[in-house]
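Each value in this text was obtained by applying a stated rule to the coordinates, not by laboratory testing. Not measured: the values here are computed from a predicted model. Neighbour counts run over all protein chains shown; Cβ positions are idealised from the backbone, glycine included.
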Amino acid sequence: MTFTIHLLMVHDRVKVGSDGGSTEYYTLPTHATELRHLISHKSMSKARGDIFKACYRLGEKKDVDALYDLNKMLFFVNDLIEMHGRGEHL
């Protein structure tokens with residue numbers, strides 16, 4: 001049982017070859033109309049999803065300087081680095 005749980009925990013996305021042009025991992029699912037759909041479709045962890053959202057809205061959040069979003073991304077990038085070190089899903 002522990003072995004199976006460990007395998008699921010460290011499983012990450014399947015690598016896809018690319019020649020530098022458009023690749024299938026950039027294709028949007030037909031149901032995607034909001035970022036939350038893309039986050040779910042890519043099975044992003046909370047940290048990865050928060051980076052994605054902060055990057056997308058960079059500087060557009062009312063009463064918030066762009067530095068807020070940049071600091072948020074930096075915080076969660078460091079979180080992803082720690083998660084990677086523990087073998088967790090990114």
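Helical content alone sets the calculated 222 nm signal of the chain at -16500 deg cm²/dmol, taking -39,500 (n - 2.57) per DSSP H segment of four or more residues and averaging over every residue.
Over the chain, with a Gaussian network built from C-alpha contacts below 10 Å, which listed residue (16, 64, 77) shows the highest mean-square fluctuation? Looking only at 16, 64, 77, the biggest GNM fluctuation is shown by 16. Taking a straight Cα-Cα cut-off under 16 Å and skipping sequence neighbours fewer than 8 places away in the same chain, the lysines within cross-link reach of residue 15 are 42. When volume of the Cα convex hull per residue in Å³ is calculated directly from the model, which label among [x] 80; [y] 141; [z] 196 fits? Correct label is [y].
Hydrophobic, long helices, defined as DSSP H runs whose alpha-carbon span along the helix axis is 24 Å or greater and whose mean Kyte-Doolittle value is at least 0.0, occur in the chain at 66-86. Of the trypsin sites (Lys or Arg not before Pro) in region 18-84, the ones in a loop by DSSP (not H, G, I, E or B) with at most 14 other beta carbons within 10 Å are 42, 57, 61, 62. Just checking the listed ones, 50, 63, 19: in the Gaussian network model of the chain with Cα springs under 10 Å, the one fluctuating most is 19.
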